[in-house]
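Notes follow the structure.
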Amino acid sequence: MAIQRPKGTQDLLPGTVEQWQYLEETIRTVCREYGYEEIRTPMFEATELFQRGVGQTTDIVKKEMYTFLDKGDRSMTLRPEMTASVCRAYVENKLYGQPQPVKLYYIGSMFRYERPQSGRFRQFHQFGVEVLGADQAVVDAEVISLVWNLYQRLGLRGLEVHVNSVGCPTCRARHREQLQEFLATRQNALCTDCQERFERNPLRILDCKNPSCQAVTVGAPTTLDTLCEDCGTHFERLKTLLEAAGVVYRVNPRLVRGLDYYTKTAFEVMVEEIGAQSAICGGGRYDRLVEEIGGPPTPGIGFAMGIERVLAALQVQHQLPEEKPKLFGLLIALGEKAQTEGFALTSTLRSQGIPVSMDLLSRSLKSQLKAADRQGARFAFIFGEEELERQVILIRDLKLGEQIEVPLVEAIEEINKKYKRGV
Ligand code: HAM
């Protein structure tokens, strides 16, 4: 039996790849406009980085990591996300010594052993940004406005931007206490996962999708109820700035993110049209993470968006460029001698930046013309035994159905002229 790709992974074929490139190019343009620089980190890291960074009690660390021992018996993990890696790189490369804040972005593959379904993969791709070394609410606002403006640029509609504040460890301890007090008498109605969360991480109970847990938590204290003065002021300032930037958002006091490192701001963007996996972007502030992984105390904030999900949303909203880029010309050489000269001509044209293909199967004129048509080529440059003899080439405009004959020595100049004129 033929070998198949692993479950939860995808082959991206020509036709689809162009859509990815379009999205990636738009992302890079917006990042440049906002002054973010690209960072690339390894696909795998020491397992401990994610255990300490993402958090031992999270689903990601408990159930979803691709962890393996390398041949030197070191525990390694394929990255399930990149925030921890970026913080590690920030510390390891002493980026804290550079002018702050450091504004970085990345596009790359992530790996999580999840149950594959529509919009959920085991190898998926994220575009994310991380800003390290700045703690003011204006940074949070800049990051959220970058997401907003990217989606506007792409023409995405029906966005729901949810923002919340999960507070600092001081407010969180108070919230935890109040939440446990609220849930204490209702514990039996919680699902088994949430019963376990009750002691370890009760905040996550607010985020459980189980209907009975949702019923139990109606009216439960939210993190917004227990914010300290500093966190409260930060959140108010963020809201003012988002309004100033024209970002349409909603405060969702029940928004809890699935990773442990968040402090203060947490946010998510949803597009309902793409189904159950509607979160296209999630992020927040993580003022303790750099220290947690062994660096100097450094505030941070960022987000990541699922490229597959953004593309799915663009697809259902018909916002993706449909057409594959068309070929400018196909050089049709007939016979071995013509192929030799045609091959040289094709190389020269390509080196001048003109996209020209050549038949690689020595097919007949008729089938080569058909191939040119299939590839949407505007021109066929026909070069047979007879043309070779007379040192000329035929330039056929496949759109207009016209054909001219030019001396071979003038071919390059003539084709260049047409290419530059855009016909
Ligand atoms: P996250 O919420 O785990 O956050 O993932 C961010 C986004 O990645 C999700 O909103 C979703 O669009 C996409 N995503 C996650 N898992 C999958 C999957 N299995 N298949 C397809 N798409 C998926 C983080 O990863 C944080 N590192 C974000 C962050 C950056 N926070 C601060 N800085």
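At a glance:
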| item | result |
| --- | --- |
| Simple spin-label estimate for GLN10 and GLU385 in nanometres, 7 Å along Cα-Cβ | 5.1 |
| Globularity ratio of region 1-112, using Cα Rg and 2.2 N^0.38 Å | 1.28 |
| Per residue convex hull volume, Cα atoms of region 288-423, in Å³ | 220 |
| Surrounding net charge for ARG288, when Lys and Arg each add one and Asp and Glu each subtract one, Cβ distance under 15 Å | -1 |
| Cα-Cα P(r), region 371-423, percent of pairs per 10 Å interval | 24, 54, 22, 0 |
| Antiparallel bridge percentage (DSSP; both residues within the chain; nearest 5) | 80 |
| Kirkwood Rh in Å, taken over region 330-377 so that all alpha-carbon pairs contribute | 11.0 |
| Solvent accessible area, Å² - CYS168, 1.4 Å probe, full protein context | 20 |
| For region 64-212, diffusion coefficient by Stokes-Einstein and Kirkwood Rh (Cα), 20 °C, 1.002 mPa s, µm²/s | 111 |
| Computed FRET value (nearest 0.05) for ALA173 with LEU69, which takes r as the C-beta separation and R₀ as 35 Å | 0.40 |
| J(HN,Hα) series, region 225-233, from Karplus relation 6.51 cos²θ - 1.76 cosθ + 1.60, nearest Hz, glycine and proline x | 5, 10, 5, 6, 4, 4, 5, x, 5 |
| Degrees between helix 83-92 axis and first principal axis of the chain (Cα, 0 to 90, nearest 10) | 90 |
| Backbone HN-Hα couplings from phi across region 110-120 [Karplus 6.51/-1.76/1.60, Hz, Gly and Pro as x] | 10, 9, 9, 7, 10, 6, x, 7, 4, x, 10 |
| Distance in nm between pseudo-label sites at GLU199 and TYR22 (7 Å out along the Cβ direction from Cα) | 5.3 |
| Between helix 17-34 and the chain: long-axis angle, C-alpha atoms, 0 to 90°, nearest 10 | 60 |
| Tilt relative to the chain, helix 365-374 - C-alpha long axis, 0 to 90 degrees, to 10 | 30 |
| Two-decimal Rg to Rh for the chain - Kirkwood Rh, Cα set | 1.12 |
| VAL406-SER118 FRET efficiency (beta carbon distance; Förster radius 56 Å; 0.05 resolution) | 0.55 |
| Links that overshoot a 24 Å alpha carbon limit, given the list LYS326/LYS417; LYS71/LYS94; LYS7/LYS63; LYS337/LYS366 | LYS71/LYS94 |
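The values are calculated or read from the model by the stated rules, or taken from the named source; none is laboratory data. What you are looking at is a predicted structure, and each value in this text was computed from that prediction instead of being measured. Backbone-built Cβ (ideal geometry, glycine too); neighbour counts: all protein chains shown. Remember, those area values only see protein heavy atoms, side chains included, never the ligands or the DNA or RNA. Shrake-Rupley method; radii C 1.70, N 1.55, O 1.52, S 1.80 Å.
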